[in-house]
Amino acid sequence: MTSTDLRVGVVGAGIMGADHVARITQRISGATVSAVVEPDTGRAAAATVAAPDSRAFSRLEDALDAGAVDALLVATPGQFHEPMLLPALEAGLPILCEKPLTPDSESSWRVLEAEQKLDRPHIQVGFMRRFDAEYQALKQLIASGDAGELVMLRCVHRNPTVPDSYQQSMLITDSVVHEFDVVPWLAGSDIRTVEVKYARRNPRSPERLREPILVLMELENGVLVDVEMNVSVQFGYQVGTEAVFESSLARIGQPSGLQTWRDGTFSVAEHQSYTTRFAAAYDAQIQRWVDAVGRGTIDGPNAWDGYRVAVACEAGVKALGGGVVEVDVPERPAFYA
Ligand code: ISE
(Lines give C-alpha, C1' and ligand atoms only; values in the text may rest on other atoms or scores of the structure.)
Protein backbone atom coordinates (compact mmCIF):
# COMPACT_ATOMS: atom_id res chain seq x y z
CA MET A 1 0.00 0.00 0.00
CA THR A 2 1.24 3.51 -0.80
CA SER A 3 0.10 6.65 1.01
CA THR A 4 -1.84 7.77 -2.08
CA ASP A 5 -3.77 4.50 -2.49
CA LEU A 6 -7.57 4.76 -2.36
CA ARG A 7 -8.62 2.92 0.82
CA VAL A 8 -11.56 0.76 -0.24
CA GLY A 9 -13.96 -0.84 2.21
CA VAL A 10 -15.51 -4.00 0.78
CA VAL A 11 -18.96 -4.67 2.25
CA GLY A 12 -19.91 -8.35 2.04
CA ALA A 13 -17.33 -11.11 1.64
CA GLY A 14 -19.42 -13.71 -0.20
CA ILE A 15 -18.59 -14.90 -3.74
CA MET A 16 -18.37 -11.45 -5.34
CA GLY A 17 -17.00 -9.63 -2.28
CA ALA A 18 -14.17 -12.14 -1.87
CA ASP A 19 -13.50 -11.98 -5.62
CA HIS A 20 -13.22 -8.16 -5.46
CA VAL A 21 -10.97 -8.33 -2.38
CA ALA A 22 -8.54 -10.58 -4.29
CA ARG A 23 -8.82 -8.42 -7.42
CA ILE A 24 -8.10 -5.11 -5.66
CA THR A 25 -5.25 -6.64 -3.65
CA GLN A 26 -3.57 -8.40 -6.57
CA ARG A 27 -4.44 -6.60 -9.80
CA ILE A 28 -5.78 -3.08 -9.29
CA SER A 29 -3.36 -0.18 -9.09
CA GLY A 30 -3.94 2.89 -6.91
CA ALA A 31 -6.19 1.12 -4.40
CA THR A 32 -5.98 -1.16 -1.41
CA VAL A 33 -8.61 -2.99 0.64
CA SER A 34 -8.51 -1.22 4.01
CA ALA A 35 -11.67 -2.70 5.54
CA VAL A 36 -13.91 -5.71 5.16
CA VAL A 37 -17.42 -5.28 6.52
CA GLU A 38 -18.91 -8.72 7.08
CA PRO A 39 -20.92 -10.13 10.01
CA ASP A 40 -19.84 -13.73 9.27
CA THR A 41 -16.57 -14.03 11.18
CA GLY A 42 -15.23 -16.92 9.06
CA ARG A 43 -15.71 -15.02 5.81
CA ALA A 44 -14.34 -11.83 7.33
CA ALA A 45 -11.21 -13.62 8.56
CA ALA A 46 -10.59 -15.22 5.13
CA ALA A 47 -10.98 -11.84 3.43
CA THR A 48 -8.58 -10.05 5.77
CA VAL A 49 -5.98 -12.77 5.21
CA ALA A 50 -6.34 -12.19 1.46
CA ALA A 51 -6.01 -8.40 1.96
CA PRO A 52 -3.15 -7.78 4.41
CA ASP A 53 -3.86 -4.00 4.75
CA SER A 54 -7.44 -4.60 5.87
CA ARG A 55 -9.30 -4.65 9.18
CA ALA A 56 -12.55 -6.55 9.73
CA PHE A 57 -15.70 -4.80 10.93
CA SER A 58 -19.05 -6.46 11.55
CA ARG A 59 -20.99 -3.21 10.94
CA LEU A 60 -20.52 -0.48 8.34
CA GLU A 61 -21.07 2.25 10.94
CA ASP A 62 -17.99 1.03 12.86
CA ALA A 63 -15.80 1.22 9.73
CA LEU A 64 -17.09 4.74 9.05
CA ASP A 65 -16.58 5.86 12.68
CA ALA A 66 -13.02 4.48 12.58
CA GLY A 67 -12.30 6.59 9.47
CA ALA A 68 -11.05 3.38 7.85
CA VAL A 69 -12.25 3.96 4.27
CA ASP A 70 -12.12 6.52 1.44
CA ALA A 71 -14.55 4.62 -0.81
CA LEU A 72 -16.94 1.69 -0.58
CA LEU A 73 -17.53 -1.39 -2.71
CA VAL A 74 -20.91 -2.88 -1.79
CA ALA A 75 -21.14 -6.59 -2.60
CA THR A 76 -23.83 -7.86 -0.23
CA PRO A 77 -27.02 -9.45 -1.58
CA GLY A 78 -29.30 -6.78 -3.11
CA GLN A 79 -31.75 -6.55 -0.21
CA PHE A 80 -28.96 -5.16 2.02
CA HIS A 81 -27.81 -2.47 -0.43
CA GLU A 82 -30.07 0.39 0.68
CA PRO A 83 -29.02 0.23 4.38
CA MET A 84 -25.37 0.39 3.25
CA LEU A 85 -25.83 3.03 0.54
CA LEU A 86 -27.71 5.60 2.65
CA PRO A 87 -25.07 6.03 5.41
CA ALA A 88 -22.26 5.85 2.83
CA LEU A 89 -23.89 8.66 0.83
CA GLU A 90 -24.37 10.65 4.00
CA ALA A 91 -20.63 10.26 4.65
CA GLY A 92 -20.03 11.53 1.08
CA LEU A 93 -18.17 8.37 0.02
CA PRO A 94 -17.68 7.28 -3.61
CA ILE A 95 -19.42 3.93 -4.05
CA LEU A 96 -19.25 1.00 -6.43
CA CYS A 97 -22.47 -0.95 -5.81
CA GLU A 98 -22.82 -4.47 -7.18
CA LYS A 99 -26.04 -5.09 -9.11
CA PRO A 100 -28.91 -4.60 -8.43
CA LEU A 101 -28.83 -1.02 -7.09
CA THR A 102 -31.68 -2.22 -4.82
CA PRO A 103 -34.29 -4.95 -5.43
CA ASP A 104 -37.25 -2.62 -6.18
CA SER A 105 -37.91 0.80 -7.68
CA GLU A 106 -39.22 2.40 -4.45
CA SER A 107 -36.01 1.75 -2.54
CA SER A 108 -33.92 2.69 -5.60
CA TRP A 109 -35.79 6.00 -5.75
CA ARG A 110 -34.92 6.65 -2.08
CA VAL A 111 -31.27 6.09 -2.95
CA LEU A 112 -31.54 8.56 -5.86
CA GLU A 113 -33.08 11.13 -3.52
CA ALA A 114 -30.25 10.72 -1.00
CA GLU A 115 -27.63 10.97 -3.74
CA GLN A 116 -29.15 14.14 -5.14
CA LYS A 117 -28.37 15.91 -1.84
CA LEU A 118 -24.71 15.67 -2.86
CA ASP A 119 -22.97 17.84 -5.45
CA ARG A 120 -22.66 15.07 -8.07
CA PRO A 121 -23.31 11.34 -8.62
CA HIS A 122 -21.28 9.22 -6.19
CA ILE A 123 -22.62 5.75 -7.08
CA GLN A 124 -21.44 3.54 -9.92
CA VAL A 125 -23.48 0.35 -10.38
CA GLY A 126 -21.64 -2.92 -11.08
CA PHE A 127 -23.14 -3.86 -14.42
CA MET A 128 -19.83 -5.38 -15.47
CA ARG A 129 -20.94 -6.58 -18.90
CA ARG A 130 -20.49 -3.02 -20.19
CA PHE A 131 -16.74 -3.49 -19.56
CA ASP A 132 -16.49 -6.79 -21.51
CA ALA A 133 -14.49 -6.39 -24.74
CA GLU A 134 -16.97 -8.40 -26.84
CA TYR A 135 -19.99 -6.44 -25.61
CA GLN A 136 -18.11 -3.22 -26.33
CA ALA A 137 -17.28 -4.39 -29.87
CA LEU A 138 -20.92 -5.33 -30.49
CA LYS A 139 -22.15 -1.98 -29.18
CA GLN A 140 -19.75 -0.20 -31.46
CA LEU A 141 -20.84 -2.30 -34.45
CA ILE A 142 -24.50 -1.49 -33.80
CA ALA A 143 -23.86 2.23 -33.24
CA SER A 144 -21.63 2.56 -36.32
CA GLY A 145 -24.40 1.39 -38.64
CA ASP A 146 -21.79 -0.63 -40.58
CA ALA A 147 -23.89 -3.79 -40.24
CA GLY A 148 -27.11 -1.99 -41.24
CA GLU A 149 -30.24 -1.75 -39.09
CA LEU A 150 -30.46 -3.94 -35.99
CA VAL A 151 -33.73 -5.88 -35.93
CA MET A 152 -33.38 -8.46 -33.14
CA LEU A 153 -31.16 -9.50 -30.25
CA ARG A 154 -31.21 -13.18 -29.30
CA CYS A 155 -29.62 -13.65 -25.88
CA VAL A 156 -28.73 -16.73 -23.87
CA HIS A 157 -27.97 -16.64 -20.14
CA ARG A 158 -27.18 -20.06 -18.74
CA ASN A 159 -25.92 -20.99 -15.27
CA PRO A 160 -24.77 -24.52 -14.39
CA THR A 161 -26.67 -24.43 -11.07
CA VAL A 162 -27.79 -21.84 -8.52
CA PRO A 163 -27.42 -21.69 -4.71
CA ASP A 164 -30.22 -22.76 -2.34
CA SER A 165 -31.00 -19.11 -1.60
CA TYR A 166 -31.98 -18.51 -5.26
CA GLN A 167 -35.78 -18.07 -5.58
CA GLN A 168 -38.11 -17.83 -8.60
CA SER A 169 -38.16 -14.00 -8.73
CA MET A 170 -34.34 -14.03 -8.81
CA LEU A 171 -34.49 -15.38 -12.37
CA ILE A 172 -35.34 -11.75 -13.06
CA THR A 173 -33.84 -9.71 -10.19
CA ASP A 174 -30.52 -11.57 -9.93
CA SER A 175 -29.97 -12.83 -13.48
CA VAL A 176 -32.03 -11.12 -16.24
CA VAL A 177 -31.19 -7.88 -14.39
CA HIS A 178 -28.00 -7.92 -16.48
CA GLU A 179 -29.89 -8.05 -19.80
CA PHE A 180 -32.21 -5.27 -18.55
CA ASP A 181 -29.11 -3.10 -18.29
CA VAL A 182 -27.02 -4.23 -21.22
CA VAL A 183 -29.70 -4.61 -23.90
CA PRO A 184 -30.81 -0.93 -23.92
CA TRP A 185 -27.13 0.05 -23.71
CA LEU A 186 -26.34 -2.11 -26.77
CA ALA A 187 -29.38 -1.19 -28.81
CA GLY A 188 -29.52 2.48 -27.83
CA SER A 189 -33.20 2.17 -26.94
CA ASP A 190 -35.27 1.72 -23.77
CA ILE A 191 -37.43 -1.29 -22.93
CA ARG A 192 -41.13 -0.77 -23.70
CA THR A 193 -42.63 -4.13 -22.60
CA VAL A 194 -41.61 -7.40 -20.96
CA GLU A 195 -43.23 -10.81 -21.27
CA VAL A 196 -42.21 -14.23 -19.90
CA LYS A 197 -42.85 -17.64 -21.45
CA TYR A 198 -42.20 -20.89 -19.62
CA ALA A 199 -40.43 -23.75 -21.33
CA ARG A 200 -41.05 -27.35 -20.45
CA ARG A 201 -39.58 -27.67 -16.94
CA ASN A 202 -36.00 -28.88 -16.74
CA PRO A 203 -36.14 -32.06 -14.60
CA ARG A 204 -32.84 -30.93 -13.06
CA SER A 205 -34.26 -27.58 -11.88
CA PRO A 206 -34.50 -27.32 -8.08
CA GLU A 207 -38.02 -28.16 -6.84
CA ARG A 208 -38.77 -24.50 -5.97
CA LEU A 209 -37.96 -23.15 -9.46
CA ARG A 210 -40.02 -23.16 -12.64
CA GLU A 211 -37.53 -22.69 -15.43
CA PRO A 212 -36.06 -22.29 -18.02
CA ILE A 213 -37.90 -19.18 -19.09
CA LEU A 214 -37.87 -17.08 -22.22
CA VAL A 215 -38.02 -13.35 -21.54
CA LEU A 216 -39.28 -11.24 -24.44
CA MET A 217 -38.62 -7.51 -24.56
CA GLU A 218 -39.88 -4.99 -27.06
CA LEU A 219 -37.68 -1.94 -27.24
CA GLU A 220 -38.92 1.57 -27.98
CA ASN A 221 -37.20 1.43 -31.39
CA GLY A 222 -39.02 -1.78 -32.38
CA VAL A 223 -36.06 -4.13 -31.86
CA LEU A 224 -37.32 -7.44 -30.44
CA VAL A 225 -35.19 -9.21 -27.82
CA ASP A 226 -35.41 -12.71 -26.42
CA VAL A 227 -33.44 -14.04 -23.46
CA GLU A 228 -33.21 -17.74 -22.68
CA MET A 229 -32.78 -17.73 -18.89
CA ASN A 230 -31.74 -21.13 -17.77
CA VAL A 231 -30.12 -21.83 -14.41
CA SER A 232 -29.78 -25.62 -14.25
CA VAL A 233 -27.82 -26.47 -17.40
CA GLN A 234 -25.12 -28.32 -15.39
CA PHE A 235 -22.47 -28.24 -18.13
CA GLY A 236 -21.14 -24.72 -17.60
CA TYR A 237 -21.74 -20.97 -17.60
CA GLN A 238 -22.70 -19.31 -20.88
CA VAL A 239 -23.71 -15.77 -21.71
CA GLY A 240 -24.06 -14.96 -25.37
CA THR A 241 -25.84 -12.67 -27.79
CA GLU A 242 -26.65 -12.92 -31.45
CA ALA A 243 -27.43 -9.59 -33.09
CA VAL A 244 -29.63 -9.92 -36.16
CA PHE A 245 -29.17 -7.05 -38.63
CA GLU A 246 -31.03 -6.37 -41.88
CA SER A 247 -28.57 -8.45 -43.91
CA SER A 248 -25.95 -9.77 -41.50
CA LEU A 249 -25.38 -11.39 -38.11
CA ALA A 250 -22.97 -10.80 -35.25
CA ARG A 251 -22.37 -13.12 -32.34
CA ILE A 252 -20.56 -12.74 -29.00
CA GLY A 253 -19.96 -15.07 -26.04
CA GLN A 254 -18.89 -18.24 -27.81
CA PRO A 255 -16.77 -20.77 -25.86
CA SER A 256 -13.16 -19.76 -26.44
CA GLY A 257 -11.08 -21.79 -23.97
CA LEU A 258 -8.70 -24.70 -24.40
CA GLN A 259 -9.39 -26.78 -27.53
CA THR A 260 -8.60 -30.50 -27.46
CA TRP A 261 -8.77 -33.32 -30.00
CA ARG A 262 -8.92 -36.61 -28.13
CA ASP A 263 -10.41 -40.09 -28.54
CA GLY A 264 -12.10 -39.07 -31.77
CA THR A 265 -13.66 -36.00 -30.14
CA PHE A 266 -13.05 -32.26 -30.50
CA SER A 267 -13.81 -30.14 -27.44
CA VAL A 268 -13.49 -26.57 -26.23
CA ALA A 269 -13.31 -25.68 -22.53
CA GLU A 270 -16.34 -23.85 -21.15
CA HIS A 271 -16.56 -21.48 -18.17
CA GLN A 272 -18.18 -22.73 -14.98
CA SER A 273 -18.86 -19.36 -13.38
CA TYR A 274 -19.42 -15.68 -14.09
CA THR A 275 -16.31 -14.93 -11.99
CA THR A 276 -14.09 -16.38 -14.75
CA ARG A 277 -16.27 -15.57 -17.77
CA PHE A 278 -16.29 -11.88 -16.83
CA ALA A 279 -12.96 -11.70 -14.94
CA ALA A 280 -11.41 -9.22 -17.37
CA ALA A 281 -14.59 -7.13 -17.37
CA TYR A 282 -14.63 -7.01 -13.55
CA ASP A 283 -10.96 -5.98 -13.56
CA ALA A 284 -11.58 -3.19 -16.09
CA GLN A 285 -14.68 -2.03 -14.22
CA ILE A 286 -12.89 -1.74 -10.86
CA GLN A 287 -9.73 -0.15 -12.31
CA ARG A 288 -11.78 2.46 -14.15
CA TRP A 289 -13.84 3.17 -11.03
CA VAL A 290 -10.67 3.61 -8.90
CA ASP A 291 -9.18 5.94 -11.54
CA ALA A 292 -12.44 7.89 -11.80
CA VAL A 293 -12.68 8.31 -8.01
CA GLY A 294 -9.24 9.93 -8.20
CA ARG A 295 -10.72 12.46 -10.64
CA GLY A 296 -13.80 13.01 -8.43
CA THR A 297 -16.19 11.28 -10.79
CA ILE A 298 -17.59 7.87 -11.83
CA ASP A 299 -16.94 5.98 -15.06
CA GLY A 300 -19.76 3.57 -15.78
CA PRO A 301 -23.48 3.02 -15.18
CA ASN A 302 -24.86 5.40 -12.53
CA ALA A 303 -27.64 5.15 -9.95
CA TRP A 304 -30.20 6.35 -12.54
CA ASP A 305 -29.26 3.33 -14.70
CA GLY A 306 -29.73 1.20 -11.57
CA TYR A 307 -33.16 2.75 -11.02
CA ARG A 308 -34.30 2.12 -14.62
CA VAL A 309 -33.25 -1.50 -14.29
CA ALA A 310 -35.17 -1.78 -10.98
CA VAL A 311 -38.32 -0.61 -12.82
CA ALA A 312 -37.70 -3.19 -15.59
CA CYS A 313 -37.16 -5.92 -12.97
CA GLU A 314 -40.48 -5.09 -11.33
CA ALA A 315 -42.16 -5.47 -14.72
CA GLY A 316 -40.24 -8.73 -15.26
CA VAL A 317 -41.30 -10.18 -11.91
CA LYS A 318 -44.92 -9.23 -12.70
CA ALA A 319 -44.56 -10.88 -16.12
CA LEU A 320 -43.58 -14.15 -14.39
CA GLY A 321 -47.29 -14.25 -13.50
CA GLY A 322 -48.32 -13.90 -17.17
CA GLY A 323 -49.18 -11.18 -19.68
CA VAL A 324 -47.31 -8.40 -21.43
CA VAL A 325 -46.16 -5.81 -18.88
CA GLU A 326 -45.27 -2.20 -19.74
CA VAL A 327 -42.08 -0.68 -18.41
CA ASP A 328 -42.93 2.80 -17.24
CA VAL A 329 -39.91 4.92 -16.33
CA PRO A 330 -40.44 8.51 -15.06
CA GLU A 331 -38.47 11.42 -16.47
CA ARG A 332 -34.77 11.40 -15.63
CA PRO A 333 -33.79 13.99 -12.97
CA ALA A 334 -31.46 16.69 -14.37
CA PHE A 335 -28.84 15.61 -11.78
CA TYR A 336 -28.23 12.48 -13.94
CA ALA A 337 -28.11 14.25 -17.33
C1 ISE B 1 -25.31 -13.86 -10.48
O2 ISE B 1 -25.69 -13.19 -9.30
C3 ISE B 1 -24.69 -12.89 -11.43
O4 ISE B 1 -24.71 -11.70 -11.29
C5 ISE B 1 -24.27 -13.49 -12.71
O6 ISE B 1 -23.64 -12.56 -13.54
C7 ISE B 1 -25.49 -14.07 -13.38
O8 ISE B 1 -25.12 -14.67 -14.59
C9 ISE B 1 -26.15 -15.11 -12.50
O10 ISE B 1 -27.30 -15.61 -13.14
C11 ISE B 1 -26.53 -14.48 -11.16
O12 ISE B 1 -27.09 -15.46 -10.32
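The values are calculated or read from the model by the stated rules, or taken from the named source; none is laboratory data. Quantities reported herein were computed from a predicted structural model and do not represent experimental measurements. Note that each Cβ is placed from the backbone with ideal geometry, even for glycine, and that neighbours are counted across all protein chains shown. Areas reflect the complete protein model, heavy atoms only, side chains present, ligands, DNA and RNA absent. Shrake-Rupley method; radii C 1.70, N 1.55, O 1.52, S 1.80 Å.
Data table
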{"quantity": "Residue 270-residue 207 pseudo-label distance in nm [points 7 Å out on the Cα-to-Cβ vector]", "calculated": "2.7"}
{"quantity": "Placed amide H near residue 251: partners under 5 Å, 5+ positions off or other chain", "calculated": "243"}
{"quantity": "Full-stretch length increase - residue 216, residue 117 - with 0.36 nm per residue and alpha-carbon distance subtracted", "calculated": "31.9 nm"}
{"quantity": "Dipole magnitude of the chain, debye to nearest 20 (Cβ charges: Lys/Arg +1, Asp/Glu -1, about Cα centre)", "calculated": "740"}
{"quantity": "Per residue solvent-accessible surface (Å²) - the chain, probe of 1.4 Å", "calculated": "45"}
{"quantity": "Loop-exposed trypsin sites (Lys or Arg not before Pro) per DSSP, neighbour cap 15 Cβ within 10 angstrom, longest uninterrupted part of the chain", "calculated": "211-294"}
{"quantity": "Given charges at Cβ of Lys, Arg, Asp, Glu: the chain dipole, positive-most of 42, 67, 135", "calculated": "42"}
{"quantity": "Dipole of the chain, positive direction: furthest Cα of 162, 309, 105, with charges on the beta-carbon", "calculated": "162"}
{"quantity": "Alpha-carbon Rg with Dmax, taken over the stretch 132-273, Å", "calculated": "16.3, 50"}
{"quantity": "Net charge contributed by nearby residues that have their C-beta within less than 13 Å of residue 74 (K/R +1, D/E -1)", "calculated": "-2"}
{"quantity": "Alpha-carbon spread of the chain, three principal axes, descending order, Å", "calculated": "57, 57, 44"}
{"quantity": "FRET efficiency for residue 90 and residue 246, using Cβ-Cβ distance with R0 set to 56 Å, rounded to 0.05", "calculated": "0.65"}
{"quantity": "Whole-number D in µm² s⁻¹ for the stretch 1-99, Kirkwood Cα-pair radius fed into Stokes-Einstein, 20 °C, 1.002 mPa s", "calculated": "166"}
{"quantity": "Per DSSP, loop GluC sites (Glu not before Pro) in the stretch 266-337 with at most 11 further Cβ within 10 Å", "calculated": "331"}
{"quantity": "Förster radius 45 Å - calculated FRET efficiency between residue 234 and residue 332 (Cβ-Cβ, nearest 0.05)", "calculated": "0.60"}
{"quantity": "Nearest-ten-degree value, helix 133-144 long axis tilted from longest Cα axis of the chain", "calculated": "60"}
{"quantity": "Pairwise FRET efficiency - residue 200 versus residue 143, Cβ, R0 = 30 Å, nearest 0.05", "calculated": "0.20"}
{"quantity": "Helix 81-90 vs. the chain, principal-axis angle (Cα, 0 to 90°, nearest 10)", "calculated": "40"}
{"quantity": "Degrees, to the nearest 10: 15-26 long Cα axis against longest axis of the chain", "calculated": "60"}
{"quantity": "Selection from 212, 185, 225 lying farthest towards where the dipole of the stretch 132-273 points positive, charges on Cβ", "calculated": "212"}
{"quantity": "Eligible lysines near residue 139 by straight Cα distance, threshold 21 Å, same-chain separation 8 or greater", "calculated": "99"}
